[in-house]
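The values are calculated or read from the model by the stated rules, or taken from the named source; none is laboratory data. Just so it is clear, the model here is predicted, and its values are computed rather than measured. For neighbour counting, all protein chains shown are included, and Cβ atoms are generated from backbone atoms with ideal geometry for every residue, glycine included.
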Amino acid sequence: MAVEEIHAEMVSSVWRVLVAPGAQVAAGDTLVVLESMKMEIPVLVERAGVVQELHVVEGEVLQEGDLIATVAGD
């Protein structure tokens, strides 16, 4: 079972969390929506799987490289 780690690509704040640990996700699903410079940035999962851990909460400020979530898939 492969585990995908999803990291922040830029300094941003967590605007909306759309999944919870244990949620089944498909490739391309949005896990969270970040906000940076008044732009909404969806964070997508690349492979289908199950959200193992969610490391962010709404309103949190992220730095580039911060871990957002881990997703276990095939």
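Observations
- Against the list (1) at pLDDT 95 or above; (2) touching a strand residue (DSSP E or B) at 6+ places or on another chain (Cβ under 8 Å); (3) within 21 Å of GLN63 (Cβ to Cβ), the condition GLU4 fails is (1).
- Filtering the stretch 34-60 to residues that are surrounded by 12 or more Cβ atoms within 10 Å (Cβ to Cβ), under 19 Å from SER12 (Cβ atoms) and of a type in the set (A, V, I, L, M) leaves LEU34, ILE41, VAL43, LEU44, VAL45, LEU54, VAL56.
- Taking the numbered list (1) out of contact with any Phe, Trp or Tyr (no Cβ under 6 Å at 6 or more places or on another chain); (2) surrounded by fewer than 16 Cβ atoms within 10 Å (Cβ to Cβ); (3) not in a loop (DSSP other than H, G, I, E, B) in turn, LEU31 passes all entries but (2).
- Output for the stretch 34-58, where each listed residue is hydrophobic (A, V, I, L, M, F, W, C) and not in a strand (DSSP E or B): MET37, VAL45, ALA48, VAL56, VAL57
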